[in-house]
2 protein chains.
Amino acid sequence: MITVYYDYLCPYAWRGVELLAALEIPFNAKHYSLVQGNHPSNTSLPRSAPMWKLVDQEIGGTGNAELPAYLDVNGSLEAFFASHAAMQQGQEAHLRFTLELFRARHANKKDLNAQTALAAAELAGLDMNAFATARADEAKCRAELAIDLEEAGKLGVFGTPTIQLETGDIAYFRFDKLPENQEGKLEIWNIFKQTLLSDARIGTIKRAKP
Amino acid sequence: MITVYYDYLCPYAWRGVELLAALEIPFNAKHYSLVQGNHPSNTSLPRSAPMWKLVDQEIGGTGNAELPAYLDVNGSLEAFFASHAAMQQGQEAHLRFTLELFRARHANKKDLNAQTALAAAELAGLDMNAFATARADEAKCRAELAIDLEEAGKLGVFGTPTIQLETGDIAYFRFDKLPENQEGKLEIWNIFKQTLLSDARIGTIKRAKP
């Protein structure tokens, strides 16, 4: 099965997950933190050895104080902990939760917080008692998140969505517009796969921007 | 016609030019300077407004002194001036020169200098008197190079090869291995074009590296 690294903060990750969901391509969901990846304290450090770690932060702590607004520490923690709580209800339920939380954030412009996560769980049809119990075990959610972020660091993930194929080939995949019909969606998924699987070992296709 | 921005220092640019030559796809040749693009003085400046410019340097000047070896100022100037001199003999002759100079540098591991450029001109079957005369007019070569680098800067070129299609879509295209047969070559060229021309506005496909 493929693996997708994503961050709820990221609109490109949202589009990537919508693409795979629409094509009914199952995937292992893992998290990558843009806040940690772009944190000033981690600049020029190897991605596998960050100095500032998201999992060392507390919700409501001082982590946000020195950062630009888009690096939302509290929102990241709320979203990732809720996501790990939702995972306990299985892959399909978790995918529904993921889509609802992405849509709340990027289609409906909600902040990532406990209330938004709860509403997403409701819309996804989760067992709300089980979700609340799982979310309340923050130590477990945090430990699972630490594993995701460590794996992402070891693989050199630098943005989201990053997709790893069954072959081990792994790349960041950024597109501006989710194609409306299935053919269009399949086309860009095939482009992504062909790029990674070509014998030429294509490393990068990246637009220049003025 | 498509346009290709390249730097003789860059093995990926070499592969890109070999790809287009093998597929007999004609292109406008323009230069981009890795030395200028990666120069410490230009870090965090817009690509359209560098502080340190290659065209402000003299061959044999002090430009190389503080830089890592791969940022070869003299070699860049020698190669680019010779390239502009060769352009005066037409697009086909220039392509032959380009391929010979790339092969001298990256297949045969020669330094980029006046001697290597001269040997490439000879192998490319250039009119050597005309080449010497054109190369001697360094002010003209320099002025032409300045235009290339300014255009690259305006377009946000950040590496080579960067290829601009007739549609205006423009991207960096990096691959590790030139496919041996024509089908393989055509396949990766089609992947590149499809990536740029998709309605999804794909911005980046980039491998994560541990």
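Distances between placed amide hydrogens fall under 5 Å for A:Tyr6 paired with A:Lys30, A:His31, A:Tyr32, all partners being 5 or more residues away or on another chain. Phi angles of segment A:145-153 translate, via the Karplus equation with coefficients 6.51, -1.76, 1.60 and θ = phi - 60°, into HN-Hα couplings of 4, 4, 5, 4, 5, 5, 4, 4, x Hz per residue; Gly and Pro are given as x. Of B:Leu101, B:Leu45, B:Leu34, the residue with the greatest mean-square motion in the GNM of chain B, using alpha carbon springs below 10 Å, is B:Leu45.
Inter-copy label distances at A:Thr167, shortest first and taken from points set 7 Å along Cα to Cβ: 2.4 nm. Where chain A is rotated onto chain B, the residue of A whose Cβ comes nearest the axis, and that gap in whole Å, is A:Ile205, 2.
Note that segment B:155-168 has calculated 3J(HN,Hα) couplings of 7, x, 4, 10, x, 9, x, 10, 10, 10, 7, 4, 6, x Hz, one per residue in order, obtained from phi through the Karplus relation 6.51 cos²θ - 1.76 cosθ + 1.60 (θ = phi - 60°); glycine and proline are x.
The amide H of A:Ile202, built 1.01 Å from its N in the peptide plane, has B:Asp176 as neighbours under 5 Å, considering only residues 5 or more places off or on other chains.
Are any of the pairs A:Lys177/B:Lys193; A:Lys53/B:Lys206; A:Lys30/A:Lys185; A:Lys110/A:Lys193 more than 26 Å apart by Cα-Cα distance, and if so, which? From A:Lys177/B:Lys193; A:Lys53/B:Lys206; A:Lys30/A:Lys185; A:Lys110/A:Lys193, over 26 Å: A:Lys110/A:Lys193.
Sort A:Tyr172, A:Tyr12 so the one with the fewest other Cβ atoms within 10 Å of its own Cβ comes first. Intermediate results must be reported in sequence, preceding the final value.
Details: A:Tyr172 23, A:Tyr12 20.
Least to most surrounded, the residues fall as A:Tyr12, A:Tyr172.
The same position B:Ser41 in the other copies lies at 3.6 nm from this copy, comparing label points 7 Å beyond Cα toward the beta-carbon, shortest first.
Kirkwood Rh and Cα-based Rg: tell me the resulting Rg over Rh for the protein assembly as shown, rounded to two decimals.
Numbers: Rg = 24.9 Å, Rh = 23.7 Å.
Rg divided by Rh gives 1.05.
How far is A:Leu67 from the same spot in each other copy, in nm, shortest first, if each label point sits 7 Å from Cα toward Cβ? When each copy's label point is compared with this one, the spacings are 3.7 nm. Restricting to Cα pairs below 8 Å that are 6+ residues apart, what does the relative contact order work out to for chain B? Please round to a whole percent. Relative contact order here is 29 percent. Calculated mean residue ellipticity at 222 nm for the protein assembly as shown: -14500 deg cm²/dmol, from DSSP H runs with n ≥ 4 weighted as -39500 (n - 2.57), summed, divided by the residue count and rounded to 500.
Across segment B:59-76, computed HN-Hα scalar couplings (Karplus, 6.51 cos²θ - 1.76 cosθ + 1.60, θ = phi - 60°) run 5, x, x, 8, x, 6, 3, 9, 9, x, 4, 5, 8, 8, 5, 4, x, 4 Hz from first to last residue, x flagging Gly and Pro.
Out of B:Ala120, B:Gly37, A:Gln88, whose Cα points farthest toward the positive end of the dipole of the protein assembly as shown (charges: +1 Lys, Arg; -1 Asp, Glu; placed on Cβ)? Value: B:Gly37.
For segment B:2-197, just say rounded, prolate or oblate: build the C-alpha gyration tensor, square-root its eigenvalues into a ≥ b ≥ c, call rounded for a/c under 1.5, and beyond that prolate if a/b exceeds b/c, oblate if not. It comes out oblate by the Cα gyration axes.
Might you report the magnitude of the Cβ-based charge dipole of segment B:2-197 about its Cα centre, with Lys and Arg at +1 and Asp and Glu at -1, to the nearest 20 debye? List each step's numbers first, then the result.
Details: 17 positive and 25 negative charges, 58 e Å.
Taking the Cα centre of segment B:2-197 as origin, the dipole is about 280 debye.
Computed from the coordinates by the stated procedures, all read-outs in this text should not be read as laboratory data. If you're wondering where the values come from, they're calculated on a predicted model, not measured in any experiment. Because the Cβ atoms are built from the backbone with ideal geometry, glycine has one as well, and the counts that use them run over all protein chains shown.
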